[in-house]
Amino acid sequence: MVYSTGFSIHPKDWDAKTQRPINQERRKDLFAIQRFLDDLARYCTSIFIEHDYGAISVADFKKQLDIKTRKVDPTERDASSSFIDFLDEELEDMKAGGMKKNTLKMFRQNINNIKAFAAQYNGGKGFSYEDVDWNLRIEMIDWLTEKGVQLAYGNKTLKTFRQFMERARRKRLHTNINYQGVGWTVTPKRAKGEMVILTTTELQTLADMELTGHLAKIRDMCLIGAGTGQRFGDFSRFTPNNFYRTLSGIPLLSLISNKTNTPTKVPLNIFPWLIPVLERNDYTTPEMSMQKFNEGMKELCRRAGFDAEILKVEQYMGRKARVEKSYVKKYRLVSSHCCRRSFATNLYREGYRLSQIMPMTGHSTETQLREYIGIDAEMNAEEIALNIMEQRGKHPGSASVLKVVGA
């Protein structure tokens, strides 16, 4: 099949090997051709996959390509090109464009929710682009509420719904704007549970435990995560290439974040147990899935006796967020994310400035980091308590034992 791009190019600007324009500065015309050909390649792959890997005639293939490149009026799209079909088309484009596997997985989960809702909407007839408005949003919120979906997850589905509606509108597949405006997602309540972290004392307890086999690997992974402050996707993949010594002999971790592509350097001597743990693992993190690690963390912390009662707050979908409070033993709440949060919180409590912690955790602002480790409310309470003790001339240890009653 021959397909016209509508572009022309001088032979001296063309790379026959890559079948793309030769990169040249200040040549916007060449960049436009490059971008169009890249898009065209993704469209062809998407159409090929959608039609059972090639079970489509040349004429129909060209017709689908005309639709994707917007050479034809969007109203000429056939019945199979509904919003639900568009979701699948867009996912394939995102995959072909190199979107990260975890991000793609998140979109797919939310899109599956949208499809399931559409399958039950209007007696199973679904909805069109023009049906999407704030009334449909309420029906979708009610549907998510019936499923018992937690607020954060439900809001991600609502955001994905609107995001793909906007993508379709920009591709001129519809003209509906009734989904736009502030307040599309459900506003969360301000209620929050206690921050779940492992203190320096608890981490030392883990380091001192005599363990073998699977739990020993869990413990070492936990200490590596809590000692470096990185996300599970990064600290679970450390190799010797991530470590080196400076000219002054300081051992450092060096990596580029897998999620944000942010360069990070972390000294390895912050915690006394970190280098011994890395050395016995040859500076390579034990291999393990996040699910297995999270399950093992709970068992590890149970054996370590981390059974203090922690206030747990969960918010669920509804036209207004619904809050559920409970007290749960600490070991039941630990997970891979506790490692990163523990790192930042412990450093702050030991007196390091937020500006020193930020480059190691990858947070872009101090405000963001403050909220992440929840220090503002705690600082305020501590300052008031210390001020009261100072005024009364008392020391923390001189007060009578307090009986804390759960709400």
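Per-structure values
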quantity	calculated
Residue list for region 120-177, restricted to those being touching a Lys or Arg at 6+ places or on another chain (Cβ under 9 Å), exposed (fewer than 12 other Cβ atoms within 10 Å of the Cβ) and among the basic types (Lys, Arg)	172
Test: residue in region 360-382 that is among the hydrophobic types (A, V, I, L, M, F, W, C), part of a loop (DSSP other than H, G, I, E, B) and either touching a helix residue (DSSP H, G or I) at 6+ places or on another chain (Cβ under 6 Å) or closer than 30 Å to residue 262 by Cβ (or both)	no
Some residue of region 281-291 being under 25 Å from the mean Cα position of the chain (by Cα), open to solvent by less than 70 Å² (accessible area, probe 1.4 Å) and charged (D, E, K, R)	no
Set 42, 35: member being in contact with a Gly (Cβ under 7 Å, 6 or more places away or on another chain) and either assigned to a helix (DSSP H, G or I) or more than 21 Å from residue 164 (Cα to Cα) (or both)	42
Residue that is nearest to the chain's Cα centre (by Cα), among those in region 351-381 that are charged (D, E, K, R) and at pLDDT 75 or above	371
Residue list for region 1-44, filter: open to solvent by 50 Å² or more (accessible area, probe 1.4 Å), touching a Lys or Arg at 6+ places or on another chain (Cβ under 9 Å) and of a type in the set (Val, Ile, Thr)	22
Candidates 144, 104 - the one that is modelled with pLDDT of 85 or more and either over 21 Å from residue 50 (Cα atoms) or in contact with a Phe, Trp or Tyr (Cβ under 6 Å, 6 or more places away or on another chain) (or both)	144
Some residue of region 140-148 being farther than 18 Å from residue 87 by Cα, assigned to a loop (DSSP other than H, G, I, E, B) and not β-branched (Val, Ile, Thr)	yes
Residue match in region 239-253 (condition: hydroxyl-bearing (Ser, Thr, Tyr) and touching a Pro at 6+ places or on another chain (Cβ under 8 Å))	yes
Restricting region 215-254 to residues that are in contact (Cβ under 8 Å) with a residue 60 or more places away in the chain and more than 15 Å from residue 290 (Cβ to Cβ), the residue that is surrounded by the fewest Cβ atoms within 10 Å (Cβ to Cβ)	215
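The values are calculated or read from the model by the stated rules, or taken from the named source; none is laboratory data. Only a predicted model underlies this, so the values are computations on that prediction, with no experimental measurement involved. Methodologically, a virtual Cβ is constructed for each residue, glycine included, from the backbone with ideal geometry; neighbour enumeration extends over all protein chains shown. Note: accessible area is taken over every heavy atom of the protein model, side chains too, but ligands, DNA and RNA are not part of it. Shrake-Rupley method; radii C 1.70, N 1.55, O 1.52, S 1.80 Å.
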